[in-house]
Structure formats: C-alpha cells, structure tokens
Amino acid sequence: MKYLVTAGLIAAAPFVAAPTFAQGAPVDPTAMVDAFEGVFGVQNGFRRSGARGVCASGTFVGTKEAKGLSSASAFSGKPVPVTVRFSIGGGNPKAPENASTVRGMALQFNLPKNEQWLMANINTPVFTAATPESMLAFLQARKPDPATGKPNPDLIKATFEKYPDQKAQPAYLASVDAAASFGAQNYWGVNGFYLVNAKGKKQPIKWVFEPVSGVEGIPKDKLATTPTMFLNDELRARVAKAPVEFRFMAQLADANDVINSAVTPLPAERKKVSLGTLKVTKVEAEGSATCNDINFDPNVLPKGVEPSNDPILEARSGAYAVSQGRRLSGN
Ligand code: HEM
C-alpha cells in the first residue's frame, strides 16, 4: 500500500472512502490493562503503554486564528507552560528504538485558574484499532503462547481478518522510516475533537503537531547499526542547542466528515490552520520522576474544546486511570 505523506497528513486510497466500523462491545478498562500486561508482562511502576519515555517542558503560544475558533485559554496568545512526555508505544520499558514502531508526545497545558488540557499524541495518523473491542482483540492476539513463548501467528491472522480496521497502522508504519529523533516527528491526535468559540460555534477538527525543522527518519540500511536506545539522549542534546518547535495544526472537518474514527483521517484537502507553536526548552534527566504522577487522559479538556464521540477516545480515560493506579501503587 502506498501512502502520500504531505505536510504531515496522509492520503491513501483505503481512507478516502471513510470506512465505518461497528462500535463493538464495550470493554472493561481493567480487562484492557490486563491485556497490555498479557503482551508485555507486569513491569512494576511503569506505564502499561508508553512505558519508556522522557519528561520535558516548554511553552505554548496560540495564534489569532485559534482564538477565533476556540475560547480555550491556551489560545490567549500569552505563553502557557507545558509539561511534555515523549515515549515509545507499548508496555516494554526496554523497547528497541531502531525500529519503525509508535512514538508518542503527551502534553499537559498548565492553564490559568488551575485549568488543564491533557493529550497523548502519536507519530502515526491512524490508531491501532477503531473500537475498544477491536483493540482488546488486537492485544489478546499478541499474548505470547506459553508453549512457544511467541504470539500465535494464526490468531493474529484471524484477528486481522475479523477486524480490518487493524490493518491501517501497521501499513503506515511499514511505509515510513523509524524516528531519528523525538523532536523530528509529526504527532497526530488521531481522535477527533470540537473547538468551540466564544459565540458557541463548534468546529470539528483533527490535529497534528508538526516539527518546524522537518521530519527525520533512520534510513532502513542504517537500522542495524543504530543503538537500541538513543532517543532520550538525542533529544536532550538537541534541546541543549536550541528549543525544539512544533506547529500545532488543526485540520478543519466538514459537517459530513467522519471524526469519530481513529483509523479514518480527514480528507487531505481539508483546510489546515495553525493553532500555535509549542517550544520544548528543557529535557529532564533519564529516570526523572517529574512526569510520573501525570496520567495524560485525553478527555481532560479546557473550556472551548470538546470530545467527539469516538469510542476509542471514550475508552482511554478508564484504561489510563487503571494503569496509573497500578503503577503508582508499585505494581
Ligand atoms: C482504547 C484505546 C487505548 C487504550 C486502551 C490505551 C491505553 C493506554 C494506557 C493504559 C496508557 C498508560 C497510561 C498511564 O499509565 O499513565 C497509555 C499511554 C499512552 N497512550 Fe494510549 N491507549 C489507547 C489509545 C491511544 C490513542 C488513540 C493514542 C494516540 C492518539 C494513544 C497514545 C498514548 C500515548 C502517547 C501514551 C503515553 C502517554 C505518556 O507519556 O504518559 N493511546 N495508553
């Protein structure tokens, strides 16, 4: 499958038709977190996804256009302090970084009057699954079989056939180079949201943080000689030289566009506007506890931003809370 990567958004034939997937059965968040542990084991004290990561901080300044679209105080035009966490997808705290797998950038906007805006974005424009039921099945299919110590390939194949929504993310990852830097990736929100302005007008959007210095990947022939862990140190060295900047871009959906599917990007031709610039100015030391207490629950939104009814978005709060509860109690 060929993807067109254009200024951070992908357009590909399977997405144009905007496939819709049934909502599926609801999933108990405890079962979801158990399923992560089934794949990665119980890594005491670590996030059940995004286990390996590094905490950072910086500031965000919103644009005039953003202020017109949303009354959120993040878009006042004044600098807002932001706590940032970059991570590797999944629950393995030693996940090798010389491979094209998911990278995350989670943000906590520390807004006036103790308001917060939390989000956790990833470097693929589509998520693993369209529904919680499909996500659970995806994880369960990857639990190592006790007889072989490896996932059962027949179960993985059968799950892909039952849940075709699971095909988009691996196809995308296979089409791009592994991240050469946390500071040089696009990070998509993947879920849809609404911006609500002072007059109460609601604009459906999907967002992406685009690195101002461009995307950098590791060429496939260099992967074998790339260290398995380098991203945290690389980011620290990069930020020591100059702040790493990302443009916070909103893609404006039309009324009939699908915004409640995490595997269906908006049509590439939809207008994009800059909501502001995030500057990462400091990276914490390896193992710093600064971000430990934060659960980047993407449903913690400021006034002026509202969630779509994407079932994946809804399922995230419960799973993040269960994971946070387990890891902060030492499990
Ligand atoms: C049903 C779907 C999902 C489930 C069950 C799930 C589950 C989790 C869990 C359990 C954590 C660890 C939370 C903690 O201990 O603080 C986590 C972290 C994370 N998730 Fe998800 N997730 C889902 C969807 C998504 C989506 C759609 C995205 C991207 C848009 C995403 C991006 C991330 C990132 C970047 C982190 C690491 C955040 C950090 O640095 O603390 N997840 N996820």
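Report, please, the projected area of segment 242-285 averaged over directions, based on the convex hull of its C-alpha atoms, in nm². Before the final figure, lay out the partial values.
Details: hull surface 19.9 nm².
About 5.0 nm², averaged over all directions.
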| What is the pair-distance distribution P(r) of the chain, computed from all Cα-Cα distances in 20 Å bins starting at 0, with each bin given as a whole percent? | 32, 62, 6, 0
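Report the semi-axes of the equivalent ellipsoid for segment 157-214 in whole Å, largest first, where each axis is √(5λ) for an eigenvalue λ of the Cα gyration tensor. Please report the intermediate quantities before stating the final value.
On the way: eigenvalues 169, 97, 7 Å².
Ellipsoid semi-axes (Å, largest first): 29, 22, 6.
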| said: Counting each pair of different Cα atoms once, what's the Kirkwood radius of segment 25-135 in Å, rounded to one decimal? | reply: 16.2 Å
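Using helices alone, I'd like the mean residue ellipticity at 222 nm for the chain: each DSSP H run of four-plus residues gives -39500 (n - 2.57), total over residue count, nearest 500.
On the way: 8 runs with 79 residues, N = 331.
One gets -7000 deg cm²/dmol as the mean residue ellipticity at 222 nm.
Sort 181-187, 160-166, 56-62 by packing, meaning the average of other beta carbons within 10 Å per residue, with the highest value first. Let's see the in-between values first.
Details: 181-187: 25.0, 160-166: 17.4, 56-62: 21.7.
So the order, starting with the most tightly packed, is 181-187, 56-62, 160-166.
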| Three principal axis lengths of segment 194-255 [C-alpha, angstrom, descending] | 54, 27, 18
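Readers should treat all values here as calculations from the given coordinates under stated rules, not as data from a laboratory. Values in this document were obtained by computation on a predicted structure and should not be read as measured data. For neighbour counting, all protein chains shown are included, and Cβ atoms are generated from backbone atoms with ideal geometry for every residue, glycine included.
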